[in-house]
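Novice: This is the structure I want to talk about, given as structure tokens.
The values are calculated or read from the model by the stated rules, or taken from the named source; none is laboratory data. Since this is a predicted model, take the numbers as computed values, not measurements. Methodologically, a virtual Cβ is constructed for each residue, glycine included, from the backbone with ideal geometry; neighbour enumeration extends over all protein chains shown. Quick note on the areas: whole protein, heavy atoms, side chains included, nothing else; ligands and nucleic acids left out. Shrake-Rupley method; radii C 1.70, N 1.55, O 1.52, S 1.80 Å.
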Amino acid sequence: MHYQEKQQDLFATPPEYYLVHCISADFAIGAGIAVQFNQQFAMRDKLKAAFPDYLADWQAQGRSYDCLLEGRVFNLITKERYYQKPTYQSLEGALRLMQEICRQRHIRLLAMPLIGCGLDKLQWPEVSAMIKTV
């Protein structure tokens with residue numbers, strides 16, 4: 001996969017691109033760019049309908065990361081609750097799960113914001129290097 005950084009409206013990318021963002025396992029989706037994903041794609045309702053017991057399952061299985069593909073949106077789950085902060089390890093785990101889904105489904109085009117670096121406070125140089133590695 002070719003890596004390129006661009007500054008543009010994420011939601012104006014062509015429809016053949018899959019979009020990526022980070023959320024919490026409680027599907028709160030109440031702040032940051034996740035709000036725009038929810039407005040554009042009704043993501044909270046779709047996730048709650050597709051995974052009604054997700055948080056309980058997350059807790060029972062002791063997860064620290066996951067990746068849920070809903071439509072053309074990859075939801076990287078990097079923390080249990082909206083008010084928590086992800087770790088570099090949870091982000092990398094979610095990215096690796098996304099990588100596997102991309103391989104299985106032959107997905108070659110992704111667009112994402114500076115994931116984990118807004119409200120989640122991770123540092124872009126480290127996240128960018130991780131994305132390139134994964």
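Novice: Within the set of pairs 6+ apart or on separate chains, which have a first residue in the stretch 77-101 that is in contact (Cβ under 8 Å) with a residue 12 or more places away in the chain and under 16 Å from Cys117 (Cβ atoms), a second that is among the basic types (Lys, Arg) and in a loop (DSSP other than H, G, I, E, B), and C-beta atoms under 7 Å apart?
Specialist: Within 7 Å, the pairs are Lys79/Lys85; Lys85/Lys121.
Novice: Looking at the stretch 98-126, which of its residues are in a loop (DSSP other than H, G, I, E, B) and open to solvent by less than 40 Å² (accessible area, probe 1.4 Å)?
Specialist: Of everything in the stretch 98-126, those that are in a loop (DSSP other than H, G, I, E, B) and open to solvent by less than 40 Å² (accessible area, probe 1.4 Å) turn out to be Ile107, Pro113, Ile115, Gly116, Cys117, Asp120, Leu122.
Novice: If you don't mind, another one. State which residue pairs qualify: first residue hydroxyl-bearing (Ser, Thr, Tyr) and inside the stretch 41-68, second residue in a strand (DSSP E or B) in any location, beta carbons under 6 Å apart, and separation of 6 or more residues or different chains.
Specialist: Pairs that qualify, where the first residue is hydroxyl-bearing (Ser, Thr, Tyr) and the partner is in a strand (DSSP E or B), are Tyr65/Thr78.
Novice: I would also like to ask the following. Of all residues in the stretch 82-92, which are part of a loop (DSSP other than H, G, I, E, B) and either open to solvent by less than 60 Å² (accessible area, probe 1.4 Å) or of a type in the set (Asp, Glu) (or both)?
Specialist: Once the filter is applied, which keeps residues that are part of a loop (DSSP other than H, G, I, E, B) and either open to solvent by less than 60 Å² (accessible area, probe 1.4 Å) or of a type in the set (Asp, Glu) (or both), the stretch 82-92 yields only Pro86.
Novice: How many residues does the stretch 1-11 contain that are over 24 Å from Thr133 (Cβ atoms) and open to solvent by less than 70 Å² (accessible area, probe 1.4 Å)?
Specialist: Number satisfying all stated conditions: 1.
Novice: Is it true that some residue in the stretch 9-22 is touching a Ser or Thr at 6+ places or on another chain (Cβ under 8 Å), aliphatic (A, V, I, L, M), within 26 Å of Arg103 (Cα to Cα) and in contact (Cβ under 8 Å) with a residue 40 or more places away in the chain?
Specialist: Within the stretch 9-22, one or more residues are touching a Ser or Thr at 6+ places or on another chain (Cβ under 8 Å), aliphatic (A, V, I, L, M), within 26 Å of Arg103 (Cα to Cα) and in contact (Cβ under 8 Å) with a residue 40 or more places away in the chain.
Novice: To continue, here is another question. With the checklist (1) hydrophobic (A, V, I, L, M, F, W, C); (2) within 25 Å of Thr133 (Cβ to Cβ); (3) part of a loop (DSSP other than H, G, I, E, B) in hand, flag the one item Leu95 doesn't pass.
Specialist: Looking at each condition in turn, Leu95 falls short on (3).
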